[in-house]
1. For chain A, take the longest principal axis of its alpha carbons; what is the angle in degrees between that and the long axis of helix A:393-403, to the nearest 10 within 0 to 90?
2. In a Gaussian network model over chain A where Cα atoms closer than 10 Å are linked, find which of A:85, A:381, A:289 has the largest mean-square fluctuation.
3. Under 10 Å, Cα contacts only: if you run a Gaussian network model on chain A, which one of A:191, A:63, A:80 comes out with the highest mean-square fluctuation?
4. Return the FRET efficiency for the residue pair residue A:44, residue A:66: r is the Cβ-Cβ distance, R0 is 25 Å, and the value is rounded to the nearest 0.05.
5. Calculate for chain A the 222 nm mean residue ellipticity that helices alone would give, adding -39,500 (n - 2.57) per DSSP H run of length 4 or more and normalising by residue count, nearest 500 deg cm²/dmol.
6. Take residue A:353 and residue A:5, extend 7 Å from each Cα along the Cα→Cβ direction, and tell me the distance between the two endpoints in nm.
7. Please determine, in degrees from 0 to 90 and to the nearest 10, the orientation of helix A:11-20 with respect to the longest principal axis defined by the Cα atoms of chain A, where the helix direction is its Cα long axis.
8. How large is Rg over Rh for chain A, taking Rg from the Cα atoms and Rh as the Kirkwood inverse mean of 1/r across Cα pairs?
RNA sequence: GGAGAGGUGGCAGAGCGGUUGAAUGCACUCGCUUGGAAAGCGAGCAGAGGUGAUAAGCCUCUCGGGAGUUCGAAUCUCCCCCUCUCCGCCA
């Protein structure tokens, strides 16, 4: 949620950001108009409330309260009627009330883009910041991971479909073990870099989901239980970011860094027909997430650290990859700036997103009411939140399979992972 | 799922219809005191919104959430949520 005060004071900045995202900036005028109406209605209401309040206090002070009430009766009744009327008006306009037009507009305004975000409307305009590693040279034709996996008996798509339908997969034997090893490896590295490991709920309330900004945009992408109204998390970003919601954090405690391994559930409703093969895009996948809560002035520096935290995993696993700064049109709803980490996938001869690291500035913190106090005297203010994958287990697994495949269809395990896996070669049983 | 108890400021904990946004204690901030500290003393210290200069001041709202009764609600009524204890079920 954007700060309404910023919209009031610097509407041009908001318009510019919307335009860069390729969105209609005229909503800003609607917001300003509704906001002015709301504030004038609020002032009217408060004036009337104040009048009635002083009358009530007079009654409270008098010795004969019944007489005092009777005496002021007509005035009180008139004021009460007026208050009711004006309350109704305020209710219609209030930005904090669900269902009000102003709230609806505010809810759908994406975060302000940072100035350093490159221009552009879609992923073609994304800018490669740096690349790391040598792409593997094969003296044979590299196979896609699903072929390798099925041949090795570690991936089973047929039975997964039988159990749960399309976009599910089953890992078996050493495949399952390797996935577990990766998750463990990621968590250990995150801990070493100062992230506190959290085992959060995988089901969260609508309010929690709303507070991290998932609901306005991703509502139809999420699984939800009808009975309880609980949502299955699409990423651990949700519980980790909302973890400190409605709290006022001491500045000395910042930055707070959290990590969690969780399954992520996504309907992938908009992705029909895309990437139906393999384990690239699934309804359920495991991911280790990294989340920061920082002081505002440190958040962009934190973003660079976060990207390095995620990148260090790929370096250790010796997976060739690049870091891409998303262009204006490609940066998500919550984020002010995003870097994607893309890993090399030999079978498609392309880089493929394996981590997305975003600075959400105060956008989520405002919704979730995560605030901090600079010192004992100062007012609470929203802090900045960041999140990034560190990393997606399935996508890492498939990139290891493809990058480390050998002519005989076996797969070498990256040295860093071997202590976790307990084996160095994955071959047919 | 059943029965009971309870949800008040950063924490603990009073208040149970009238100037109470809230006693008291702890924590915290500032000052006095001190060689320095502790203790002691004095002052301050919830959040949100509006207005103002992102000041002071002023105004409104908030005592789990929502609705209601009343001139007036933390206090009374109803609904919901949550926590705790006991019982049941259970990985």
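Every read-out reported here was derived from the displayed coordinates using simple, explicitly stated rules and does not represent laboratory data. A quick note: this is a predicted structure, and the numbers were derived from the prediction, not measured. Using ideal geometry, Cβ is built from the backbone for each residue, glycine included, and neighbour counts are taken over all protein chains shown.
1. The helix A:393-403 is inclined about 30 degrees to chain A.
2. A:85
3. So, out of A:191, A:63, A:80, the one fluctuating most is A:63.
4. 0.20
5. Result for chain A: -12500 deg cm²/dmol, rounded to the nearest 500.
6. Result for the modelled spin labels: 3.4 nm.
7. For A:11-20 against chain A, the angle is about 30 degrees.
8. So for chain A, dividing Rg by the Kirkwood Rh gives 1.10.
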